[in-house]
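Chemist: Sending over a structure as structure tokens; questions will come in a sec.
The values are calculated or read from the model by the stated rules, or taken from the named source; none is laboratory data. Quick caveat: nothing in here was measured; it's all calculated off a predicted structure. Glycine gets a Cβ as well: all are built from the backbone with ideal geometry, and neighbour counts include every protein chain shown. All accessible areas refer to the heavy atoms of the entire protein, side chains included, with ligands and DNA or RNA removed. Shrake-Rupley method; radii C 1.70, N 1.55, O 1.52, S 1.80 Å.
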Amino acid sequence: MAVTLRDSTVSHRKITFFIALTLFAQESTWNFYDNQVPVLLREHVTSAAVVGLLMGMDNLLGIFIQPWIGNRSDNTRTRWGRRVPYLAVGMPLAAVLFAFLPWTTSLVTLVAVMFLYALVVNTIRPLAESMIPDFLPPERRSRANAVVKIAAALTIIVASLISLFVIDEHPRGAFVIPAVILLLVTVVLIAKVRDSRSTAYQAALAEDADAAHDEARVPFRRVITDLVTDSDRRRLLLLLTVLLFGGAWFASRSLVTPYGMEALGLTRGEAGGLTLPSGIAFLLAAYPAALCAERYGRLRTMGVGIIIFATAMAAGAAVQTATGTVVAFCVAAVGAAGFMINAAVALWNLAPSSRVLGAYTGLYAVTWYLGGFGGPALIGAVVDLTGWDWMLLDIGILAALAVLVVIRLGRLHRDRGTPILT
């Protein structure tokens, strides 16, 4: 038994590495895209609003594409599995489109390539994430998700280094570096991973065999209908929590520069650097957040994480100095890790079937993006009424609403006699 357990642990680590490597490659292009494509757009348009609108196109597409492709992959059956076939085609295509971006010669061709790239990248991203619940048992998913989040966050450093050392001398060649990383990782993925061997895929095949012929596939409409009409409201409450906390998180990131300038009297550059230490704090807290979830329960870890985040925001509003704000954001990032590492895992573990894990990955992404759209707008509207001095407190109050939903979710969990570790 000990040998079997050890072999299983090694297998979990290997597949976690390959999933993290896949997300690292994908995010390497996406972060460099966010870093440098606005400069390409500025060669054709002068309006910052138009640039922002076009740069937001990828998130808008993600709202529609990610749940759809997640559900489509759930219903795919091949000898390679249900995720890898799409990744094997989509990742090289994304690499080619990405490398072609700086070679466009007009706004029309640039926007067309941007659209195609965003379309493909939104197609492949949820598939790589969905392999976490495909391969790993519920009790190991938080650790794997933490490793994946760390790998994705490290691509911010990669994009910054390419911009710092390559882009000025080789403005077109710099785009080749992330594209080559994506191509090389595709080769590794195809050679090493077959998600047809995953536990969830085998469980889905077993469910297919037991289901009636017309129920062998689960259309996305049925996934939504089940989610909304089921008497078990835990999944809906969890998505509501994601929406609320996502709004608070994105508001804290997207509005920090004007806050630093208006409330703290900083320059634009100084204000823009306020969140840099908190990014490091998040990386350091990610894996411990997974371990805490395994020991104390995911809902408990998520709830405590949100409380830490909300408290830090309130404290930052009370101590309005640059140093106080940096400390507040670092503490808030630690709390955010407790939520962000475990929320998707909790949703996967509440999924009613192995046949809908991809769809649930997409639903999580959509809810998170909607929070990212609505949160900054809501907090911005409140700032218009109350002023910049109270912005961090406003964000803390929004996060506190998410705490109330988590408390209600925990009560439903206990009423069903389900362990807090979901």
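Chemist: Quick check: anything in segment 256-266 open to solvent by less than 20 Å² (accessible area, probe 1.4 Å) and under 22 Å from Gly371 (Cα atoms)?
Modeler: yes
Chemist: Of all the helices (runs of 4 or more DSSP H) wholly in segment 15-133, which have at least 2 residues that are modelled with pLDDT under 90 and surrounded by fewer than 24 Cβ atoms within 10 Å (Cβ to Cβ)?
Modeler: 48-55, 57-74
Chemist: Could you check Leu161 against (1) open to solvent by 50 Å² or more (accessible area, probe 1.4 Å); (2) touching a Lys or Arg at 6+ places or on another chain (Cβ under 7 Å); (3) under 30 Å from Pro288 (Cβ atoms) and say which number it fails?
Modeler: Looking at each condition in turn, Leu161 falls short on (2).
Chemist: Just a yes or no: is a residue in segment 382-392 under 23 Å from Ile150 (Cα atoms) and in contact with a Pro (Cβ under 8 Å, 6 or more places away or on another chain)?
Modeler: Within segment 382-392, not a single residue is under 23 Å from Ile150 (Cα atoms) and in contact with a Pro (Cβ under 8 Å, 6 or more places away or on another chain).
Chemist: Which is buried (at least 20 other Cβ atoms within 10 Å of the Cβ), modelled with pLDDT of 90 or more and of a type outside the set (Ser, Thr, Tyr), of Leu182, Leu236?
Modeler: Of Leu182, Leu236, the one residue that is buried (at least 20 other Cβ atoms within 10 Å of the Cβ), modelled with pLDDT of 90 or more and of a type outside the set (Ser, Thr, Tyr) is Leu182.
Chemist: What are the residue pairs meeting all of these: first residue in segment 292-316, first residue surrounded by fewer than 24 Cβ atoms within 10 Å (Cβ to Cβ) and among the aromatic types (Phe, Trp, Tyr), second residue at pLDDT 95 or above and in a helix (DSSP H, G or I), Cβ atoms under 9 Å, and 6 or more apart or on different chains?
Modeler: Tyr296/Val304
Chemist: Six or more apart or on different chains, Cβ atoms under 7 Å: show the pairs whose first residue is in segment 390-407 and under 20 Å from Trp368 (Cα atoms) and whose second is among the aromatic types (Phe, Trp, Tyr) and assigned to a helix (DSSP H, G or I).
Modeler: Ala399/Phe245; Ala399/Phe309; Ala402/Phe245
Chemist: Checking Asp394 against (1) more than 21 Å from Ala333 (Cα to Cα); (2) buried (at least 20 other Cβ atoms within 10 Å of the Cβ), only one condition comes out false. Which one?
Modeler: The failed condition is (1).
Chemist: A further question follows. Hey, any hits in segment 332-340 for a residue that's farther than 23 Å from Arg221 by Cα, out of contact with any Leu (no Cβ under 7 Å at 6 or more places or on another chain) and open to solvent by 20 Å² or more (accessible area, probe 1.4 Å)?
Modeler: Checked against the condition, which is being farther than 23 Å from Arg221 by Cα, out of contact with any Leu (no Cβ under 7 Å at 6 or more places or on another chain) and open to solvent by 20 Å² or more (accessible area, probe 1.4 Å), segment 332-340 yields at least one hit.
Chemist: Right, here's the next one. So which residues in segment 107-140 are touching a His at 6+ places or on another chain (Cβ under 7 Å) and over 20 Å from Phe18 (Cβ atoms), if there are any at all?
Modeler: If the condition is that a residue be touching a His at 6+ places or on another chain (Cβ under 7 Å) and over 20 Å from Phe18 (Cβ atoms), then Leu107, Leu110 are the ones that fit.
Chemist: Given Pro138, Pro67, Pro85, which one is within 28 Å of Ser196 (Cβ to Cβ) and more than 20 Å from the chain's Cα centre (by Cα)?
Modeler: Pro85
Chemist: Among the numbered criteria (1) open to solvent by 30 Å² or more (accessible area, probe 1.4 Å); (2) touching a residue at least 12 places away in the same chain (Cβ under 8 Å); (3) assigned to a helix (DSSP H, G or I), which single criterion is violated by Leu385?
Modeler: (2)
Chemist: OK, next. Quick one: which of Val366, Val326, Val345 is assigned to a helix (DSSP H, G or I), open to solvent by less than 10 Å² (accessible area, probe 1.4 Å) and out of contact with any strand residue (DSSP E or B) (no Cβ under 7 Å at 6 or more places or on another chain)?
Modeler: Only one candidate passes the filter, namely Val345.
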